[in-house]
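> Below is a structure I'd like to ask you about.
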Amino acid sequence: KEHYKVLVLGGGSGGITMSSRMKRKVGAENVAVVEPSEMHYYQPLWTLVGAGAKKVQISGRPTASVVPSGVTWIKSPVQEIDPDRNTVRTGDGKQISYQYLIVALGLQLHYEKIKGLPEAFKYPGIGSNYSLQTVNKTWEALQNFKEGNALFSFPNTPVKCAGAPQKIMYLSDAYLRKTGKRSKANIIYNTSLPVLFGVKKYADCLWEIVKNRDLQVNLRHELVEVRADRREAVFTKLDSPGETVVYEYEMLHVTPPMGPPEVLKGNPLADQAGWLDVDKDVLQHKRYPNVFGIGDCTNVPTSKTAAAVAAQSAVLDRTISRVMRDILPDKKYDGYTSCPLVTSYNTVILAEFDYNGQPLETFPIDQGKESRIMYHMKANLMPHLYWHGLLKGLWGGPGPYRKIMHLGMK
Ligand code: FAD
Ligand code: UQ1
């Protein structure tokens, strides 16, 4: 039977990051990562791919090239986790036991929960930046836009990168202006949320932008059906139960409902809703002290992003070191997360905030303003920070730099 001192489930942003950090701590031969996918994707680039500003090919690298050398890659999905016996079973029937387990399984997309999807993606005029299979379809729909409604949805579930559903709206607006088609378009953002963005400071700035650019925002509208043959999208009004509205569309961008990974549902490691049940301060499981979590699969009450994974990785590294030495974890995660709100082809509002929804800005400028430098950072610097910093276990978020940047400023 295979056994590892540290077993990591999932080889996405959180899984590869922790594999690198655990290799440094216990040696590569004592670490394994379970990941079925041949390729690893830098998903934040897909916002720009959907708008034609980057090519999708550069968002992916072979998983083999990101698994730290010497760490064992188990190329199969986890099918069962038995935390009472410290074992997992994989899709190819292997049993693997562990001393410490790090769960980094991400979240699942549920296009099928919208009636008419995923079949509707076979028709023109509809795309979704959330999946590799559909991101180029967003760009096609945008380029083929002639006249009518451009619709953007936001589901009634937790999502990763809560800003992404509206970033593509701002980019589409900019594209249609650039190509002289804006006067023929109604741009409509139908969101299930009761707010435009969860943090007031940035929401205020975004409301100003939607007003100035003539973008229509409908709150508490949930996409429930797509009739692609007729180019119609059906929304329910969440505050008037039973009431639906049908919109014709020339272009539709779908942000799908999302939920916890299938293997966690009903597992003793999950909470009622199916998310990994960890302590929000130290990222250790609430009932199984040798189990830890990072990233989108956990129930920590912050916005699910790669930026959050970065900050969590530094805390979790320290938590695990202490648990391995039988001392209580001390370093606390403050909920840091960040969302570069792309508002055009050359501007970004860099939202950064904590568990309390308080802005936690890195740079000594007002990040509520649209900035060209921040766009450059998002589009051209972040990918390098991701591949060479985060995934190598060398980037634990901007926390330490924030303190330096603000020296003498406040
Ligand atoms: P993932 O990176 O998704 O990795 C999960 C891994 O688990 C995958 O590799 C998957 O194959 C694997 N897995 C699933 N099931 C199993 C199984 N049964 N067994 C084994 N392995 C399994 N974040 C930002 O910080 N800034 C941004 O600007 C930003 N923009 C985004 C834009 C878009 C369009 C999208 C889609 C995401 C964006 N994000 C952004 C979010 C960011 O990509 C995620 O929050 C981050 O990747 C989470 O890391 P993770 O390790 O939790 O999950
Ligand atoms: C970040 O650390 C990160 O992960 C590598 C992202 O994901 C791509 C981000 O989008 C952001 C904004 C950060 C935070 C980094 C800085 C320098 C503010």
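The values are calculated or read from the model by the stated rules, or taken from the named source; none is laboratory data. Computed from a prediction, not measured in an experiment: that's the story for all the values here. Every residue, glycine as well, gets a Cβ built from its backbone with ideal geometry; the counts of neighbours run over all protein chains shown. Heavy atoms of the whole protein, side chains included, go into the accessibility calculation; ligands, DNA and RNA do not. Shrake-Rupley method; radii C 1.70, N 1.55, O 1.52, S 1.80 Å.
> Can A351 be described as farther than 22 Å from K167 by Cα and touching a Phe, Trp or Tyr at 6+ places or on another chain (Cβ under 7 Å)?
Answer is no for this residue.
> Follow-up question, since we're still on this one. Evaluate region 104-113: report whether one residue or more is part of a helix (DSSP H, G or I), more than 9 Å from ligand 1 (Cβ to nearest atom), touching a Lys or Arg at 6+ places or on another chain (Cβ under 6 Å) and modelled with pLDDT of 95 or more.
Checking region 104-113: not a single residue is part of a helix (DSSP H, G or I), more than 9 Å from ligand 1 (Cβ to nearest atom), touching a Lys or Arg at 6+ places or on another chain (Cβ under 6 Å) and modelled with pLDDT of 95 or more.
> How many residues does region 236-262 hold that are in contact (Cβ under 8 Å) with a residue 60 or more places away in the chain, part of a strand (DSSP E or B) and within 13 Å of N149 (Cβ to Cβ)?
Of the residues in region 236-262, 5 are in contact (Cβ under 8 Å) with a residue 60 or more places away in the chain, part of a strand (DSSP E or B) and within 13 Å of N149 (Cβ to Cβ).
> Next question. Restrict the check to region 137-152 and report whether at least one residue is open to solvent by 10 Å² or more (accessible area, probe 1.4 Å) and either within 16 Å of ligand 2 (Cβ to nearest atom) or part of a strand (DSSP E or B) (or both).
Scanning region 137-152, I find at least one residue that is open to solvent by 10 Å² or more (accessible area, probe 1.4 Å) and either within 16 Å of ligand 2 (Cβ to nearest atom) or part of a strand (DSSP E or B) (or both), so the answer is yes.
> Something else: Return only the number of the condition from (1) without any contact (Cβ under 8 Å) to a residue 12 or more places away in the chain; (2) in contact with a strand residue (DSSP E or B) (Cβ under 8 Å, 6 or more places away or on another chain); (3) basic (K, R) that K378 does not satisfy.
(1)
> Pairs under 6 Å by beta carbon, first residue within 14 Å of ligand 2 (Cβ to nearest atom) in region 328-348, partner of a type in the set (K, R), six or more apart or different chains?
Hits for this filter: P340/K378; V342/K167; V348/K378.
> Output yes when any residue across region 387-404 is surrounded by 15 or more Cβ atoms within 10 Å (Cβ to Cβ), under 19 Å from the mean Cα position of the chain (by Cα), away from ligand 1 (no atom under 12 Å from the Cβ) and assigned to a helix (DSSP H, G or I), and no when none is.
Yes: one or more hits.
> From the list Y401, Y355, Y386, which residue is more than 8 Å from ligand 2 (Cβ to nearest atom), closer than 29 Å to A104 by Cα, hydroxyl-bearing (S, T, Y) and in contact (Cβ under 8 Å) with a residue 12 or more places away in the chain?
Y355
> Okay, next question. Is it the case that region 232-244 has a residue that's buried (at least 19 other Cβ atoms within 10 Å of the Cβ), more than 22 Å from I102 (Cβ to Cβ) and either touching a helix residue (DSSP H, G or I) at 6+ places or on another chain (Cβ under 8 Å) or not hydroxyl-bearing (S, T, Y) (or both)?
The answer is yes, given that some residue of region 232-244 is buried (at least 19 other Cβ atoms within 10 Å of the Cβ), more than 22 Å from I102 (Cβ to Cβ) and either touching a helix residue (DSSP H, G or I) at 6+ places or on another chain (Cβ under 8 Å) or not hydroxyl-bearing (S, T, Y) (or both).
> Which strands (runs of 3 or more DSSP E) sit wholly inside region 2-88 and have at least 2 residues that are open to solvent by 10 Å² or more (accessible area, probe 1.4 Å) and more than 9 Å from ligand 1 (Cβ to nearest atom)?
Once the strands (runs of 3 or more DSSP E) in region 2-88 are filtered for at least 2 residues that are open to solvent by 10 Å² or more (accessible area, probe 1.4 Å) and more than 9 Å from ligand 1 (Cβ to nearest atom), what remains is 2-9, 60-62, 72-74, 78-82.
> Out of (1) assigned to a loop (DSSP other than H, G, I, E, B); (2) over 30 Å from W46 (Cα atoms), what's the single condition that is false for G274?
With respect to (1) assigned to a loop (DSSP other than H, G, I, E, B); (2) over 30 Å from W46 (Cα atoms), G274 is out only on (2).
> Go over the candidates N267, N190 one by one and state the one that is open to solvent by less than 30 Å² (accessible area, probe 1.4 Å) and over 27 Å from G125 (Cβ atoms).
The match here is N267.
> Quick check on my filter: what residues within region 296-345 are within 15 Å of ligand 1 (Cβ to nearest atom), in a helix (DSSP H, G or I), touching a strand residue (DSSP E or B) at 6+ places or on another chain (Cβ under 7 Å) and under 15 Å from V278 (Cβ atoms)?
Hits for region 296-345 are D296, C297, A308, L316.
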